[in-house]
Amino acid sequence: MAMAERMTAESRSKIMSAVKSRNTGPEMIVRRLLHSLGFRYHLHAKVIKGRLRPDIVFSGKKKVVYVHGCFWHVHKGCKGSHIPGSVFWQDKLARNSARDEATLQSLQEAGWEVLVIWECQLADRGWLRDELTSFLNKAKGQL
Ligand SMILES: [Zn+2]
């Protein structure tokens with residue numbers, strides 16, 4: 001009985017943290033906006049032979065959209081992105097940044113187009129709508 005209870009609590013907390021990391025507020029804002037604009041996407045679909053799972057995937061267009069938190073992904077020059085003084089955090093954030101760059105490069109090498117939306121940019125919904133629309137409507141390779 002005690003065992004079963006513990007397992008239930010454990011799996012519940014596992015589910016909760018999965019939900020938290022996948023369905024974050026900023027990503028939901030972008031997803032709702034995309035939906036209202038009539039764009040249909042896949043969530044966390046595997047691209048490039050299953051190596052990467054971008055946030056929002058437009059398989060037919062071969063485009064992906066990431067929604068990045070300014071702190072965790074180190075939005076350079078943004079006031080939401082201060083680097084804490086400790087070496088632990090500096091290393092951690094530097095690793096996040098390096099991973100993001102490597103991901104971006106692999107996607108682009110595999111022919112995917114990538115749009116990164118930063119959390120701080122969500123405040124301007126008009127801008128966000130224009131940005132998403134022009135990214136998704138433009139022909140491949142067109143700037
Ligand atoms: Zn920012």
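May I ask you to list the residues in the range 74-115 that are touching a helix residue (DSSP H, G or I) at 6+ places or on another chain (Cβ under 6 Å) and closer than 23 Å to ALA45 by Cα?
If the condition is that a residue be touching a helix residue (DSSP H, G or I) at 6+ places or on another chain (Cβ under 6 Å) and closer than 23 Å to ALA45 by Cα, then VAL114, LEU115 are the ones that fit.
Listed residues GLY111, GLY85; which is loosely packed, with under 13 Cβ neighbours inside 10 Å and on the phi > 0 side of the Ramachandran plot? Even if it seems obvious, please write down each step before you answer.
Numbers: GLY85 fails: on the phi > 0 side of the Ramachandran plot.
Just one listed residue meets the conditions, GLY111.
Would you mind stating whether ALA98 is hydrophobic (A, V, I, L, M, F, W, C), more than 16 Å from the ligand (Cβ to nearest atom), at negative phi and surrounded by 12 or more Cβ atoms within 10 Å (Cβ to Cβ)? Give the derivation first.
Values: hydrophobic (A, V, I, L, M, F, W, C): yes; more than 16 Å from the ligand (Cβ to nearest atom): yes; at negative phi: yes; surrounded by 12 or more Cβ atoms within 10 Å (Cβ to Cβ): no.
No.
Name the single residue, out of those in the range 27-54 being in a loop (DSSP other than H, G, I, E, B), loosely packed, with under 15 Cβ neighbours inside 10 Å and of a type in the set (Gly, Ala, Ser), that is nearest to the chain's Cα centre (by Cα). Don't jump to the end; show me each part of the working.
Our first condition is that a residue be in a loop (DSSP other than H, G, I, E, B); within the range 27-54, this holds for 37-41, 44-46, 48-51, 53-54.
Filter again for loosely packed, with under 15 Cβ neighbours inside 10 Å, leaving 37-38, 40, 44, 46, 49-51.
Those left that are additionally of a type in the set (Gly, Ala, Ser): 38, 50.
On the way: GLY38: 20, GLY50: 17 Å.
Across the range 27-54, the extreme among qualifying residues is GLY50.
Quick check on ASP55: is it out of contact with any Gly (no Cβ under 7 Å at 6 or more places or on another chain) and either within 14 Å of the ligand (Cβ to nearest atom) or at pLDDT below 90 (or both)?
On the way: out of contact with any Gly (no Cβ under 7 Å at 6 or more places or on another chain): yes; either within 14 Å of the ligand (Cβ to nearest atom) or at pLDDT below 90 (or both): yes.
Against the criterion (out of contact with any Gly (no Cβ under 7 Å at 6 or more places or on another chain) and either within 14 Å of the ligand (Cβ to nearest atom) or at pLDDT below 90 (or both)), ASP55 qualifies.
Looking only at the range 119-133, filter to residues that are farther than 18 Å from HIS68 by Cβ and not small (Gly, Ala, Ser); which one of those is farthest from the ligand (Cβ to nearest atom)?
That would be THR133.
The values are calculated or read from the model by the stated rules, or taken from the named source; none is laboratory data. All of these numbers come straight from a predicted model, not from anything done at the bench. Cβ coordinates were reconstructed from backbone atoms using ideal geometry, including for glycine residues, and neighbour counts include every protein chain displayed.
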